[in-house]
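Engineer: First the structure, which I've put down as structure tokens, then a few questions once you've had a look.
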Protein chains: 2
Amino acid sequence: MSSTLKDIAQKTGVSVSTVSRVLHDNTKKYKISDETQEKVKSVAKEMGYRINTLARGLRLQKTFEIGVIVPDIANPFFSAVIKSLAGELRKGGYNFIVYDTDEDISIERSAIKSLLEKRVDGLIIASVGQEFSHIHKVREAKIPLVMIDRCFDFLDIDSVSVDNVKGALLAVNHLIKEGHSRIAFIQGLPGTYANETRLQGYKQALDEAEIKIDEHLIVGDDFRSLNGYLETKHLLKLTSPPTAIFTAGDLIALGALEACRENGVSIPKDLSLVTFDDPVFTSYLSPALTAIEQPITKMCEMAVAMLYRRMRNSDDERRKVLLEPKLNVRNSVARLSALSNITHITKKQ
Amino acid sequence: MSSTLKDIAQKTGVSVSTVSRVLHDNTKKYKISDETQEKVKSVAKEMGYRINTLARGLRLQKTFEIGVIVPDIANPFFSAVIKSLAGELRKGGYNFIVYDTDEDISIERSAIKSLLEKRVDGLIIASVGQEFSHIHKVREAKIPLVMIDRCFDFLDIDSVSVDNVKGALLAVNHLIKEGHSRIAFIQGLPGTYANETRLQGYKQALDEAEIKIDEHLIVGDDFRSLNGYLETKHLLKLTSPPTAIFTAGDLIALGALEACRENGVSIPKDLSLVTFDDPVFTSYLSPALTAIEQPITKMCEMAVAMLYRRMRNSDDERRKVLLEPKLNVRNSVARLSALSNITHITKKQ
DNA sequence: ATATGTTGTGCAAACGATTGCATTCGTAAT
DNA sequence: ATTACGAATGCAATCGTTTGCACAACATAT
């Protein structure tokens, strides 16, 4: 049974204030005699004193907790983000509380509600997107907020993410350079920042190469592997199938791999594949996937730094940071020779 | 700016008690007139009232929070566990706070300290193991506790995990049945429950098959992929290398794959591989890995159920639950023909 | 002798919610 | 007229900390 300052005060014969000052007051403002200090400390230890952070938080109006909200903890990208954020926050003496929204906006709403009720000192959110009224509530509550992985241009909020458009450009341009022109895009959840910006990059790359966009090659509707599986099966059945697929996320790529395996489609011989996200296992897959890597550590460091800044100075100018993505070329893309390209076109007709 | 019960009381002209009862009291014990209820509710909404869980927790001596401690959030096994626990806890109206200990006992200690200071209502811990004094503190604080994934026989604490010995037996027996006898084991962190029990199963399987245990084939010292990589390189260099490797965890297996790829060792042709843990991506690897699957969902459901039981009745008999592992046979194990087997034995002598 | 400091400690008011125990008023039963 | 009761609400203590201010005791300077 945990004892309180009062218990210790009674046992030592000093006041609660004195005990509090000995045990928690780091300022040297109050000079407590060494004798008293000794006594209080030893009694505290003996009685197994443990501070009550609820009482402290209530009194101080500060909890040293940061709320973190992500769409899917089990997604390797986000579990890496969480791990990285945790380390950064710990350095600054903050704890954190994570919520997993399952890419569901209503869960996100209730997560924010809970965190505000807990009086967290700050919030880092990888929002589902789509809708933003609940985000505004955070602003109204004057809780420092940084958005991560998703930067909405139209929201006046600090945010840091990778340059998704550029990432998609890198991926698709790579495919084009290797001779592909029928390139499919398997999307994630439409309406989300990550998806829309990657789609934009995809389209832009095709435009710049003067390849006509075929809407039949833009498919899919969420970031999970089942989506990748089903849409790949669908794409393979088209009368004029793509020679390459660009997937919007790592799990989608896994689903695509499974579909190919089942259909006896060999990557990269029969079909090339590039994906956004580059979790630890991509290089061990069969084949090792060519992928767009995000600078996760840097992203998290910046998010935390921006949050701290905002906590210190609430009316500093807001910033939106875009980090550079990187293309990791591995073995999932085949060079389409002019000949095979022609063969392919011939087959098509 | 969040308002308080007092603010609302003042604005409506009723007492704080009444406001509290209208807004939070689910018992119908106090009959508040419909008129008052209406008024209070509308003012509360208008003023953006948000309950302060610190104050409530302090008063009620109950926080509706469960602390969860795992060794590595980024490990797919644990991120799946967290996701699953989160869902289960949410159903019961509990929130949770996760700590990642990085398999470091001192971080585990401070995590427990923090969680007790936060006055969580219960704790679910996947302990690093090795040492237990800090676990006893939880007992002393009379906080309900369930250990997950790690069941220490000598601790009188509720726990649920997979039957690691049996899992290892399944894995190694499978290798033996396919004709292997020089089977290496790449360990995780020595001294941890997961590691010791898996090692035990490994040894038992060899014993039962009357294969002499070669200590040179038992290597490694943590659950990360680098360990798998380095130890595989080492094993491949032995004058009499193993024909099969059993790895203690998924990340170790990834490292092993990388080492093999670098050395041009083909799996399963040149070397067979079985691993403990079976995350979503194992079947997409090259080759798809034969692996021991743990019933994660069930494990988490049981852990939460046991915790709830313990929270209701603190002196109920304690239980230790062992769940059944499952062997998923894929393509990473080759059958060693009698001939090659004999050749091999000859080589040994 | 008076003023001025310094040192060490305690008082009491917050922080925001909950709840057992009044209290007030009206109505119905005896 | 007295009693009893139910409905609707308020009082005040409590949960455990923090901290501005006050104060006592003593030392030093003028």
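Engineer: Can you return the aspartates and glutamates within cross-link range of A:K320? Criterion is Cα-Cα under 18 Å, with same-chain partners fewer than 8 residues away left out.
Structural biologist: Cα-Cα hits under 18 Å: A:D149, A:D153, A:D156, A:D158, A:D163, A:E196, A:E301.
Engineer: In deg cm²/dmol and to the nearest 500, what is the mean residue ellipticity at 222 nm of the protein assembly as shown if only DSSP H runs of at least 4 residues count, each as -39500 (n - 2.57), divided by the residue total?
Structural biologist: Values: 26 runs with 318 residues, N = 698.
So the calculated ellipticity at 222 nm is -14000 deg cm²/dmol.
Engineer: Over the protein assembly as shown, what is the percentage of antiparallel beta bridges among all DSSP beta bridges, to the nearest 5?
Structural biologist: Values: 7 of 72 bridges.
Just about 10 percent of them are antiparallel.
Engineer: For the pairs B:K6/B:K91; A:K269/B:K326; B:K118/B:K298; A:K118/B:K45; A:K298/B:K298; B:K11/B:K91, flag any whose C-alpha to C-alpha distance is greater than 25 Å.
Structural biologist: Working: B:K6/B:K91 32 Å; A:K269/B:K326 35 Å; B:K118/B:K298 28 Å; A:K118/B:K45 19 Å; A:K298/B:K298 37 Å; B:K11/B:K91 36 Å.
The answer is B:K6/B:K91; A:K269/B:K326; B:K118/B:K298; A:K298/B:K298; B:K11/B:K91.
Engineer: Using the basic label-point model (7 angstrom from Cα toward the beta carbon), what is the B:E317 to A:L226 distance in nanometres?
Structural biologist: Between B:E317 and A:L226, the simple spin-label model gives 4.1 nm.
Engineer: Could you name the residue in chain B with the C-beta closest to the rotation axis that superposes chain B on chain A, along with the separation in whole Å?
Structural biologist: That would be B:S286, 1, residue then distance in Å.
Engineer: Can I ask one more? Defining the label point at 7 Å along Cα→Cβ, can you sort the distances from A:V280 to the same site in each other copy, shortest first, in nm?
Structural biologist: 1.6
Engineer: Oh, and also: From other protein chains only, count the Cβ atoms within 10 Å of every residue's Cβ in B:52-61, then give the mean. Please list the in-between numbers first.
Structural biologist: Details: counts 8, 10, 14, 5, 3, 7, 8, 2, 1, 2.
The shielding value for this peptide is 6.
Engineer: Pop the C-beta distance of A:S133 and A:Q61 into the FRET formula with R0 = 25 Å and round what comes out to the nearest 0.05. Don't skip to the answer; put the middle values down first.
Structural biologist: Working: r = 26 Å, r/R0 = 1.04.
Result of the calculation: an efficiency of 0.45.
Engineer: Using a Gaussian network model of chain A with C-alpha springs under 10 Å, which one of A:D214, A:D104, A:D250 is most mobile by mean-square fluctuation?
Structural biologist: So, out of A:D214, A:D104, A:D250, the one fluctuating most is A:D214.
Engineer: For the range A:128-161 and the range A:1-46, what is the centre-to-centre distance using only Cα atoms, to the nearest Å?
Structural biologist: When both Cα centres are located, 43 Å separates them.
Engineer: Moving to a separate point now. Would you mind checking which residues have amide H under 5 Å from A:D278's amide H? H placed 1.01 Å from N; only 5 or more apart, or other chain.
Structural biologist: For A:D278, the qualifying residues are A:Q294.
Engineer: With a 1.4 Å probe and every protein chain kept in, tell me what percent of the accessible surface of the range B:136-268 is carbon plus sulfur. If you can, show how the numbers build up before the last one.
Structural biologist: Values: 2640 of 5050 Å².
The value for the range B:136-268 is 52 percent carbon and sulfur by accessible area.
Engineer: Next up: Ignoring ligands, DNA and RNA, what percent of the 1.4 Å accessible area of the range A:5-51 is carbon and sulfur?
Structural biologist: Working: 1510 of 3230 Å².
Ligands and nucleic acids excluded, carbon and sulfur give 47 percent.
Engineer: Assume the label is 7 Å from Cα along Cα to beta carbon: what separations in nm does B:K320 have to the matching positions in the other copies?
Structural biologist: So the label point of B:K320 gives 5.7 nm to the other copies.
Engineer: Taking the alpha-carbon centroid of each part, what is the distance from the range B:292-342 to the range A:270-323 in angstrom?
Structural biologist: What the calculation gives is 34 Å, centre to centre.
Engineer: I want the antiparallel fraction of DSSP beta bridges within chain A, as a percent rounded to 5. Let's see the in-between values first.
Structural biologist: Working: 3 of 36 bridges.
In chain A, DSSP labels about 10 percent of beta bridges as antiparallel.
Engineer: What's the magnitude of the charge dipole for the range B:126-264 around its Cα centre, counting Lys and Arg as +1 and Asp and Glu as -1 at the beta-carbon? Answer in Debye, nearest 20.
Structural biologist: Working: 14 positive and 20 negative charges, 43 e Å.
Charge dipole of the range B:126-264: 200 debye, to the nearest 20.
Engineer: Label position 7 Å from Cα toward Cβ: report the copy-to-copy distances for A:S106 in nm, one decimal, ordered from shortest.
Structural biologist: 4.8
Engineer: Hey, can you grab everything whose amide H is under 5 Å from the amide H of A:F96? Only 5+ residues off in sequence or another chain; H modelled, so Pro and N-termini drop out.
Structural biologist: A:I66
Engineer: Let me ask something else about it. Counting only other chains, and only Cβ atoms inside 10 Å, what mean value do you get across the residues of A:258-266? Write down the numbers at each step before the final one.
Structural biologist: Values: counts 3, 0, 1, 3, 0, 0, 0, 0, 0.
Per residue, the average neighbour count from other chains is 1.
Engineer: Once a ≥ b ≥ c are taken as the square roots of the eigenvalues of the Cα gyration tensor of the protein assembly as shown, is the result rounded (a/c under 1.5), prolate (a/b larger than b/c) or oblate (a/b not larger than b/c)? Intermediate values should be presented prior to the final figure.
Structural biologist: Values: a/c = 2.27, a/b = 1.32, b/c = 1.73.
It comes out oblate by the Cα gyration axes.
Engineer: Using the Karplus curve 6.51 cos²θ - 1.76 cosθ + 1.60 with θ = phi - 60°, work out ³J(HN,Hα) for each residue of the range B:156-169 in order, rounded to whole Hz, and write x for Gly and Pro.
Structural biologist: 8, 9, 4, 7, 9, 7, 7, 6, 5, 4, 4, x, 5, 4
Engineer: A:Q130's amide H: which non-local residues (gap 5+, or another chain) put their own amide H closer than 5 Å, with H modeled 1.01 Å from N in plane and none for Pro or chain starts?
Structural biologist: A:Y193
Engineer: Separate question: Evaluate the charge dipole of the range A:5-51 about its Cα centre and quote only its size in Debye, nearest 20, assuming +1 on the Cβ of each Lys and Arg and -1 on the Cβ of each Asp and Glu.
Structural biologist: On the way: 10 positive and 6 negative charges, 33 e Å.
With Lys and Arg at +1 and Asp and Glu at -1, about 160 debye.
Engineer: Around B:L206, what is the net charge, scoring Lys/Arg as +1 and Asp/Glu as -1 over all other residues with Cβ under 12 Å from its Cβ?
Structural biologist: Working: positive: B:R182, B:K203, B:K212; negative: B:D207, B:E208, B:E210, B:D214, B:E215.
The answer is -2.
Engineer: With labels modelled as points extended 7 Å from the Cα through the Cβ direction, what inter-label distance (nm, one decimal) is found for A:K11 paired with B:H24?
Structural biologist: Inter-label distance under the simple model: 3.0 nm.
Engineer: Other chains' Cβ within 10 Å of B:103-116 residues: what's the mean? It would help to have the intermediate numbers written out before the result.
Structural biologist: On the way: counts 0, 0, 0, 0, 1, 0, 0, 1, 1, 0, 2, 3, 2, 5.
The per-residue average across the peptide is 1.
Engineer: In the neighborhood of A:I107, defined by Cβ-to-Cβ distances under 14 Å, what is the net charge if each Lys or Arg adds +1 and each Asp or Glu adds -1?
Structural biologist: Details: positive: A:R109, A:K113, B:K83, B:R90, B:K91; negative: A:D72, A:D100, A:D102, A:E103, A:D104, A:E108, A:E131.
Net local charge, A:I107 excluded: -2.
Engineer: Nearest 100 Å², what total accessible surface is buried between chain A and chain B (probe 1.4 Å)? Please list the in-between numbers first.
Structural biologist: Numbers: alone 17630 and 17590 Å², together 30900 Å².
Approximately 4300 Å² gets buried when A meets B.
Engineer: Tell me the per residue accessible area of the range B:5-51 using a 1.4 Å probe; a whole number in Å² is fine. Don't skip to the end; give the middle numbers.
Structural biologist: Details: 3220 Å² over 47 residues.
Result: 68 Å² per residue.
Engineer: For chain A, what does the alpha-carbon gyration tensor say about shape, rounded, prolate or oblate, given a ≥ b ≥ c as the root eigenvalues, a/c under 1.5 as rounded, and a/b over b/c as prolate? Intermediate results must be reported in sequence, preceding the final value.
Structural biologist: Numbers: a/c = 3.31, a/b = 2.81, b/c = 1.18.
Prolate.
Engineer: Moving to a separate point now. How do A:10-17, B:285-292, B:148-155 rank on mean C-beta neighbours within 10 Å, highest first? Each step should come with its number before you reach the end.
Structural biologist: Details: A:10-17: 14.4, B:285-292: 23.0, B:148-155: 18.2.
The peptides rank, most packed first, as B:285-292, B:148-155, A:10-17.
Engineer: I've got another one for you. For the range B:5-51, how big is the tail of P(r) above 16 Å, as a whole percent of Cα pairs?
Structural biologist: 25
Engineer: Determine, for each peptide in A:42-49, A:170-177, A:271-278, the mean count of other beta carbons within 10 angstrom over its residues, then list the peptides with the highest first.
Structural biologist: Details: A:42-49: 14.8, A:170-177: 21.0, A:271-278: 26.5.
Order by mean packing, descending: A:271-278, A:170-177, A:42-49.
Engineer: Could you name the aspartates and glutamates whose alpha carbon sits less than 16 Å from that of A:K233, not counting residues in the same chain fewer than 8 places away?
Structural biologist: Excluding near neighbours in sequence, the set is A:D221, A:D222, A:E258, A:E262, A:D270.
Engineer: How would you order B:310-318, B:259-267, A:187-195, B:119-127 from highest to lowest mean count of nearby Cβ atoms within 10 Å? Could you put the intermediate results ahead of the total?
Structural biologist: Values: B:310-318: 11.3, B:259-267: 15.7, A:187-195: 21.3, B:119-127: 24.3.
Top of the packing list down: B:119-127, A:187-195, B:259-267, B:310-318.
Engineer: If you don't mind, another one. For B:T4 and B:K298 in one chain, what is 0.36 nm times their gap in residues minus the Cα-Cα distance, to one decimal in nm? Don't skip to the answer; put the middle values down first.
Structural biologist: Numbers: separation 294, 0.36 × 294 = 105.84 nm, distance 4.19 nm.
Length gained, B:T4 through B:K298: 101.7 nm.
Engineer: Just going by the charge dipole of the protein assembly as shown, with Lys and Arg at +1 and Asp and Glu at -1 on Cβ, which of A:H24, A:Q37, A:L322 is farthest out on the positive end?
Structural biologist: Farthest towards the positive end: A:Q37.
The values are calculated or read from the model by the stated rules, or taken from the named source; none is laboratory data. Note that the structure is a prediction, hence the values are computed from the model and not measured. So basically every Cβ, Gly included, is an ideal-geometry build from the backbone, and we count neighbours across all protein chains shown. Only protein heavy atoms, including side chains, enter the accessible area calculation; ligands, DNA and RNA are left aside. Shrake-Rupley method; radii C 1.70, N 1.55, O 1.52, S 1.80 Å.
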